[in-house]
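Here's the structure we're looking at; comments come further down.
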Amino acid sequence: MMRLILVVLILQIFLLGGCTWVKLTEGGATVRQATEADIANCQKVGVVSAHTKDQVVVNRSDNKVREELLVLARNEAARLDGDTIVAMAPPREGQQDFTAYKCR
């Protein structure tokens, strides 16, 4: 019985490690990710710091963490009335900063 409980617990941990916790808002869906070269005619509206868990007992997938950071940044940029974000640096330990711009 104890072995069954342990197996179920381990399976739940692995399944949760692949889950995406953050949902894209309607406003966030209008924000695109760009590069420095794409924002020459844009107005900076602020800096967005995105944070998410990179571990839930075990390390989460780098792709899932990056995806969540991007969604969080897009959602926050929309709140700042931005429509474009540019990553300031690569993600590190579940954190990443973006600059938000108004380009349209």
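The values are calculated or read from the model by the stated rules, or taken from the named source; none is laboratory data. Everything numeric here is computed off the predicted structure, so don't read it as measured data. Reconstructed Cβ throughout: ideal geometry from the backbone, glycine too, with neighbour counts over all protein chains shown.
Structure values in brief
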| quantity | calculated |
| --- | --- |
| Residues that are closer than 10 Å to Asp83 by Cα and in a helix (DSSP H, G or I), drawn from the stretch 20-45 | Gly28, Ala29, Thr30 |
| Residue in the stretch 16-26 that is more than 13 Å from the chain's Cα centre (by Cα), at pLDDT below 95 and surrounded by 15 or more Cβ atoms within 10 Å (Cβ to Cβ) present | yes |
| Top-ranked residue in the stretch 55-104 [being over 14 Å from the mean Cα position of the chain (by Cα) and assigned to a loop (DSSP other than H, G, I, E, B); ranked as surrounded by the most Cβ atoms within 10 Å (Cβ to Cβ)] | Gly82 |
| Residue count, the stretch 35-54 (criterion: under 23 Å from Gly94 (Cβ atoms), surrounded by 17 or more Cβ atoms within 10 Å (Cβ to Cβ) and modelled with pLDDT of 90 or more) | 2 |
| Tally, over the stretch 77-88, of residues that are small (Gly, Ala, Ser) and either under 12 Å from Ala50 (Cα atoms) or in contact (Cβ under 8 Å) with a residue 60 or more places away in the chain (or both) | 2 |
